[in-house]
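For reference, the structure is listed below as structure tokens.
The values are calculated or read from the model by the stated rules, or taken from the named source; none is laboratory data. Bear in mind the structure is a predicted one, so any value in this text is a computation, not a measurement. Every residue, glycine among them, receives a Cβ derived from its backbone with ideal geometry; neighbour counts consider all protein chains shown.
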Amino acid sequence: MSLKALTILGSTGSIGVSTLDVVQRHPERFRVFALTANHNVERLLEQCLACQPDYAVMLNEPAAEQLELRLKATDSITKVLAGKDALEQVAAHPNTEYVMAAIVGAAGLLPALAAARAGKRVLLANKEALVMSGQLFMDAVREHQAELLPIDSEHNAIFQCLPAQGGKQGVERILLTASGGPFRQRALADLQKVTPEQAVAHPNWSMGQKISVDSATLMNKGLEVIEASWLFATPLECIEVVVHPQSTIHSMVAYTDGSVLAQLGNPDMRTPIAYALGWPERLVSGVAPLDLFAVARLDFEKPDLQRFPCLQLAYDAHARGGFATIALNAANEVAVQAFLERRIGFMDIPRLISDVMKLADTGTPVHLEDIIIQDEVSRTASSSWIKNNRAL
């Protein structure tokens, strides 16, 4: 069995760290070709020394210079590159076969798209790539015969529950599960006073700050609805969100014969990562076996759209088209960052997003330049909303 060369975009984040954990359990199957990070020199240095990749890329150029100096002091073979173009270079490099696309937010779009256009197996952990450029991205996957495997636990679960022969034979509905986050039972009036520390304290999953806030607003689920629609060529009316506080069932697929297939497991991202790395085989992931007796019960609720208006905004945006979903994503990224910096309140997040979405055109862009322009315009509008006392 030949070693598969792997590039990890965003290796110092939680998905990147979990990917390396799985890969290091299978040294006979994988070698690390490239690792990338934004500015976390210490962690990337540690990863480079452990994995000896061909390349290390840092988006931040001063950080890249620091990493290069420190690697040279160890006689490391790793070549250090810097900047956005370098991310695309290692994602599309002819010497890598698998690309874990785990850069959070819009910044992950271009390198993930480069990997798809280079015909790689793309392990997609960046949902924003499809939220922003669903048609363009899926066209690139088909045209260049790339393999697209979802890493989000929900989409990976759906992928596992779909017909083994491919396609959607007999599929009636996709049921996306959501934990409900830390505020599922919080009084609505109290949501105005939520702090960043409370919002990032997810009850089940260990995630980065941005994704944790998205989970608290249920925007994470809204983005996943859009992603699922593109991944599985499924209309919005056939995708239903189900609040499942235990996070034991990761998603379900309902069939026309009345069957509902579900994928269960402990809330650990190493399961979908191992599945995508090994597909169509299954690999040891390091995840503890699920103890159903310890779980004891499985609860399900309809999402409360008063408590979670971001979920409805995502449905509305996808119904309007790609310009609106780009605006939704850009406004959310700006709003979440402003909330984490205490410049706006928790319930200002959906208000900002709604206002910025109204400025977007109807329809879907087919050119990358139009996607980038809409993203920039929406970010500018979002910043103005915050600066001008929340009034555009």
Restricting to segment 270-319, count the residues that are under 21 Å from E128 (Cα atoms) and either of a type outside the set (A, V, I, L, M, F, W, C) or at pLDDT below 95 (or both). 8
When the residues of segment 292-323 are narrowed to those that are of a type in the set (K, R) and in a loop (DSSP other than H, G, I, E, B), which ends up nearest to E227 (Cα to Cα)? K302
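Conditions (1) of a type in the set (S, T, N, Q); (2) assigned by TED's automatic domain parsing to the domain that holds P272, marked per residue:
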residue	(1), (2)
Q160	yes, yes
P163	no, yes
G167	no, yes
V171	no, yes
Q185	yes, no
Q198	yes, no
For segment 120-140, what are the residues that are in a helix (DSSP H, G or I) and more than 19 Å from H318 (Cβ to Cβ)? A140
Residue under question is G170, and the condition is that it be surrounded by fewer than 16 Cβ atoms within 10 Å (Cβ to Cβ) and in contact (Cβ under 8 Å) with a residue 40 or more places away in the chain; does it hold? yes
Among the candidates L175, L191, single out the residue that is within 25 Å of V141 (Cβ to Cβ), over 14 Å from the mean Cα position of the chain (by Cα) and of a type outside the set (D, E). L175
Being small (G, A, S) and exposed (fewer than 11 other Cβ atoms within 10 Å of the Cβ) is the requirement here; does A296 meet it? yes
Residue within segment 104-112 that is over 29 Å from S378 (Cβ atoms), surrounded by 20 or more Cβ atoms within 10 Å (Cβ to Cβ) and of a type outside the set (F, W, Y) present: no
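Table: residues versus (1) within 15 Å of F159 (Cβ to Cβ); (2) hydrophobic (A, V, I, L, M, F, W, C); (3) in contact with a strand residue (DSSP E or B) (Cβ under 7 Å, 6 or more places away or on another chain).
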{"site": "A216", "(1), (2), (3)": "no, yes, no"}
{"site": "V225", "(1), (2), (3)": "no, yes, yes"}
{"site": "P235", "(1), (2), (3)": "no, no, no"}
{"site": "E240", "(1), (2), (3)": "no, no, yes"}
{"site": "H250", "(1), (2), (3)": "yes, no, yes"}
